[in-house]
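Worksheet for the structure shown next.
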Amino acid sequence: MFRRGRPQRPIIFRRKKSTFWWIRYRDKEGKLHKESTGTSDRDAAEQVLQERLKARDEGRLPILFASRKVTFGAWLDWYLETRSKPPFRAQKTHEQNLNAAKYLRPVFGDLPLSEITAEAIEDYIHHRLQDKRKIHKKLGVEFGGTIKPVTVHQEFRVLRRLLNVAVKKKLLAVSPCSSVEFPMLLLSATRKPHYMTSNEQKTIEFFAPDYLRRIVTIISEMGLRPQKELFPMLKLQVDLANGVVHIPDSKTPSGIADMPMTSLAKQAFQEQVQATTCSEYLFPSPSPRATKPHISKVAKTWRTTLRRAGIEYFPLYHLRHTFATRLSAGGVADNFVTQMLRQGDAQVFKRYSQAKLNMMREALEKLDRQANEHRENSGTPVAN
């Protein structure tokens, strides 16, 4: 109920010993609110008042008040503890979030979520792009060249994810990151995925050790993730009789699945099982002093193999891109290729029915191992 007497309409006023303008207004229930605008400019204060009245009319005031009680630092701690660790995110992703937090916290840590603006985020990006790399050495810290744009973009992605979760939790009405555009293209700063041609694959397999040759075949034929899915694989997960591999753990929940084999992949699995009869792991570690019972790194051997084959270096993980390219060239629909890769949040696939093994087998039959090598006149004709 409003008090009797002179009505208290929304106004801007000054308080004693305050350099900022204050505003006074009522919410939908008639409760009176007074708050500082944080500015000494009357026009800016008027804008703050209009924003509050608009939020009241749209029913966003409770969200606004909640976001003023939670600081970015507190929200960051909650996110790192409950939304960043496995099983929500992979361990590697959690480590990237922790690294980004080291730079985000000093800038935004003490600010309430509601006071983080698009302008403040743009200023952060601008200054980070001008920072120097810190190189830690025995004698102290040295400064190198400027930080790579991809590093700053990774920090921006973490910030965007943090604030998007805050929107879902009703602490923010809208994320300020939605109004921020990264100031440069990253195409020149990131490594483009390499497509391995069939001739390159033959050359690589010729120079590669037997176990690495089988790894190349399996990933290019099935698109398995090397570090998370293939290297720690147990022989119990390999069903040669039915031509299926069970993946109980992956980078994302959608990665957990039963994946059918192609004939070439099945042959590679069979050869690897026969070559490692003394271990329960498909790719056991050759060193008794290794920290893990299975191989975890093949970077040095992979790099050596590519050098001997006369092929410019590209990461082993790019064989997943080769797998996807060959499926697409074979005529498999894009959304089904995404399901075959088992990548991304499960919400991505909400419009499509779950892929069945028989459908996946049919898709694998269309895998084109000569993708990107056909003659120019063999492509899809362009409509007039």
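The values are calculated or read from the model by the stated rules, or taken from the named source; none is laboratory data. All values reported here derive from a predicted model rather than from experimental measurement. Positions of Cβ are generated from backbone atoms using ideal geometry, with glycine treated the same way; all protein chains shown enter the neighbour counts.
Among the residues making up region 127-147, those that are in contact with a Ser or Thr (Cβ under 9 Å, 6 or more places away or on another chain) and either surrounded by 12 or more Cβ atoms within 10 Å (Cβ to Cβ) or over 20 Å from residue 106 (Cα atoms) (or both) are 128, 129, 131, 133.
Scanning region 24-76 for residues that are within 38 Å of the chain's Cα centre (by Cα), farther than 22 Å from residue 109 by Cα and of a type in the set (Lys, Arg) yields 52, 54, 56, 60. Quick one: is residue 230 surrounded by 14 or more Cβ atoms within 10 Å (Cβ to Cβ), under 21 Å from residue 90 (Cβ atoms) and over 20 Å from the mean Cα position of the chain (by Cα)? Yes, satisfied. Summed over region 81-126, the residues that are without any contact (Cβ under 8 Å) to a residue 24 or more places away in the chain, hydrophobic (A, V, I, L, M, F, W, C) and surrounded by 17 or more Cβ atoms within 10 Å (Cβ to Cβ) give a count of 1. Kindly indicate whether any position in region 106-122 is hydroxyl-bearing (Ser, Thr, Tyr), in a loop (DSSP other than H, G, I, E, B), closer than 30 Å to residue 283 by Cβ and over 18 Å from the mean Cα position of the chain (by Cα). No - not one qualifying residue is present in region 106-122. Every condition in (1) in contact with a His (Cβ under 9 Å, 6 or more places away or on another chain); (2) farther than 30 Å from residue 12 by Cβ; (3) not β-branched (Val, Ile, Thr) holds for residue 75 except the one numbered (1).
Yes/no matrix, rows are residues, columns are (1) part of a helix (DSSP H, G or I); (2) closer than 21 Å to residue 193 by Cα:
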position	(1), (2)
268	yes, no
274	yes, no
278	no, no
289	no, no
304	yes, yes
307	yes, yes
322	yes, yes
327	yes, yes
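Determine whether residue 55 is outside any loop (DSSP other than H, G, I, E, B), surrounded by 14 or more Cβ atoms within 10 Å (Cβ to Cβ), of a type in the set (Gly, Ala, Ser) and not assigned by TED's automatic domain parsing to the domain that holds residue 133. Yes; evaluated as a whole, the condition is true for this residue.
Applying the condition of being among the basic types (Lys, Arg) and within 18 Å of residue 114 (Cα to Cα) to region 27-52 and asking which residue is surrounded by the fewest Cβ atoms within 10 Å (Cβ to Cβ) yields 34.
Residues of region 190-204 that are modelled with pLDDT under 95, touching a helix residue (DSSP H, G or I) at 6+ places or on another chain (Cβ under 6 Å) and not aromatic (Phe, Trp, Tyr): 190, 193, 194, 196.
The residues of region 307-328 that are under 12 Å from residue 363 (Cα atoms) and either of a type in the set (Ser, Thr, Tyr) or surrounded by fewer than 19 Cβ atoms within 10 Å (Cβ to Cβ) (or both) amount to a single one, 328. Cβ separations smaller than 7 Å between residues 6+ apart or across chains give the following pairs from region 322-336 residues that are assigned by TED's automatic domain parsing to the domain that holds residue 362 and closer than 20 Å to residue 216 by Cβ to residues that are of a type in the set (Ser, Thr, Tyr) and at pLDDT 85 or above: 322/195; 322/220; 323/220; 325/195.
Which number in (1) without any contact (Cβ under 8 Å) to a residue 24 or more places away in the chain; (2) crowded, with 16+ Cβ neighbours inside 10 Å; (3) within 30 Å of residue 125 (Cβ to Cβ); (4) not hydrophobic (A, V, I, L, M, F, W, C) marks the one condition that residue 181 misses? Against the list (1) without any contact (Cβ under 8 Å) to a residue 24 or more places away in the chain; (2) crowded, with 16+ Cβ neighbours inside 10 Å; (3) within 30 Å of residue 125 (Cβ to Cβ); (4) not hydrophobic (A, V, I, L, M, F, W, C), residue 181 comes up short only on (2).
Flag not set for residue 295, criterion: surrounded by fewer than 19 Cβ atoms within 10 Å (Cβ to Cβ) and β-branched (Val, Ile, Thr).
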